[in-house]
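In what follows, a single structure is set out as structure tokens and then discussed.
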Amino acid sequence: MNETAIKAIVEEVVSQLAKQPSIQPRSVPIAVSARHCHLTQIDVEALFGSGYTLTHKKDLSQPGQFAANETITIVGPRGSIEKVRILGPVRKSTQVEVSATDSIKLGLKPPLRESGDIKNSAPITLVGPKGSLYKQEGLIIAQAHIHMNPSDAASFSVQNGEYVTITTTTERPIAFSKVLIRVSSRYELEMHIDTDEANASLIGKDTNGILAKIEGSS
């Protein structure tokens with residue numbers, strides 16, 4: 001999307017909000033999700049040793065999720081990236097999430113996908129202190145998305161699986177279109193983007209975005 005089109009979208013969002021002075025727009029906190037991986041317990045043990053379990057480094061914003069102390073190296077045909085953080089708890093499928101810039105360094109072409117959708121995604125090699133694994137699929141670039149609970153969804157008049165536009169409140173405001181809504185009682189309100197997206201809009205700590213419905217969506 002070129003700069004003229006982005007500017008037009010931002011102006012349209014501001015215009016629509018101005019036409020509804022009685023409605024206070026609610027912002028969405030934005031978090032930057034750096035490259036990371038989710039592992040099955042079987043793969044944890046293959047990489048770190050039989051019987052190994054992930055150890056807790058710090059809690060993440062989403063309840064029950066945590067950054068582990070453990071990291072791995074991911075390897076592609078062109079290069080590798082060290083110290084890729086593992087997020088816990090363990091999952092049913094192993095998944096590695098990178099940015100488009102990361103994928104160039106690796107020499108791979110991962111698809112843009114919703115987290116969890118890894119069927120026919122890109123292959124990746126994982127290297128740990130006790131072993132290595134070649135995964136035929138599992139490498140993706142994560143679709144920008146917003147976690148919210150049912151109360152938040154009702155407040156924003158959106159539903160699970162819907163796409164919206166988020167305009168950042170930064171020095172370099174950007175409108176992110178086709179941002180996926182994910183609703184669960186387990187979620188806390190937060191938008192997740194990758195490092196490439198964050199850098200494009202100069203997003204830092206405590207950055208918010210304004211949500212707008214995409215015309216024609218339910």
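The values are calculated or read from the model by the stated rules, or taken from the named source; none is laboratory data. The model shown is predicted, which means the values in this text are computed figures rather than measured ones. Every residue, glycine as well, gets a Cβ built from its backbone with ideal geometry; the counts of neighbours run over all protein chains shown. The protein model used for the area step is the full one, side chains on, heavy atoms only, and it has no ligands, DNA or RNA in it. Shrake-Rupley method; radii C 1.70, N 1.55, O 1.52, S 1.80 Å.
Worth a mention:
- Within the set S61, S115, the sole residue that is small (G, A, S), surrounded by fewer than 15 Cβ atoms within 10 Å (Cβ to Cβ) and closer than 29 Å to N149 by Cα turns out to be S61.
- Residue in the stretch 22-34 that is open to solvent by less than 20 Å² (accessible area, probe 1.4 Å), under 24 Å from A154 (Cα atoms) and modelled with pLDDT of 95 or more present: yes
- Count of the stretch 104-134 residues, restricted to those that are free of Cβ contacts under 8 Å to residues at least 60 places away in the same chain and not polar (S, T, N, Q), is 18.
- Taken together, K19, K92, K7 contain a single residue that is modelled with pLDDT of 95 or more, more than 20 Å from I146 (Cα to Cα) and open to solvent by 60 Å² or more (accessible area, probe 1.4 Å), which is K92.
- Residue tally, condition among the hydroxyl-bearing types (S, T, Y) and either open to solvent by less than 10 Å² (accessible area, probe 1.4 Å) or within 15 Å of G138 (Cα to Cα) (or both), over the stretch 66-89: 1
- Subset of the stretch 159-172 that is within 20 Å of A34 (Cα to Cα) and in contact (Cβ under 8 Å) with a residue 40 or more places away in the chain - its residue that is surrounded by the fewest Cβ atoms within 10 Å (Cβ to Cβ): I166
- For first residues located in the stretch 173-186 and among the basic types (K, R), partners that are outside any loop (DSSP other than H, G, I, E, B) and open to solvent by 20 Å² or more (accessible area, probe 1.4 Å) and lie 6+ apart or on another chain with Cβ distances below 6 Å form the pairs K178/Y163.
- Of all the numbered requirements in (1) of a type outside the set (A, V, I, L, M); (2) at pLDDT 95 or above; (3) more than 16 Å from the chain's Cα centre (by Cα), Q65 misses one, and that requirement is (3).
- Residues that are in a loop (DSSP other than H, G, I, E, B) and open to solvent by less than 60 Å² (accessible area, probe 1.4 Å) were ranked within the stretch 195-213; the one that is farthest from I30 (Cα to Cα) is S201.
- For the stretch 124-158, taking the residues that are among the aliphatic types (A, V, I, L, M) and open to solvent by 50 Å² or more (accessible area, probe 1.4 Å), the one that is farthest from E45 (Cα to Cα) is identified as A154.
- Selection from the stretch 144-194 of residues that are assigned to a loop (DSSP other than H, G, I, E, B) and of a type in the set (A, V, I, L, M, F, W, C): A144, V158, I174, L189
- The set of residues in the stretch 184-218 being at pLDDT below 95, out of contact with any Ser or Thr (no Cβ under 9 Å at 6 or more places or on another chain) and closer than 17 Å to Y163 by Cβ consists of E215, G216, S217, S218.
- Residues that are buried (at least 16 other Cβ atoms within 10 Å of the Cβ) and touching a strand residue (DSSP E or B) at 6+ places or on another chain (Cβ under 9 Å) within the stretch 35-56 comprise R35, H36, C37, H38, L39, D43, V44, A46, L47, F48, Y52, L54, listed in sequence order.
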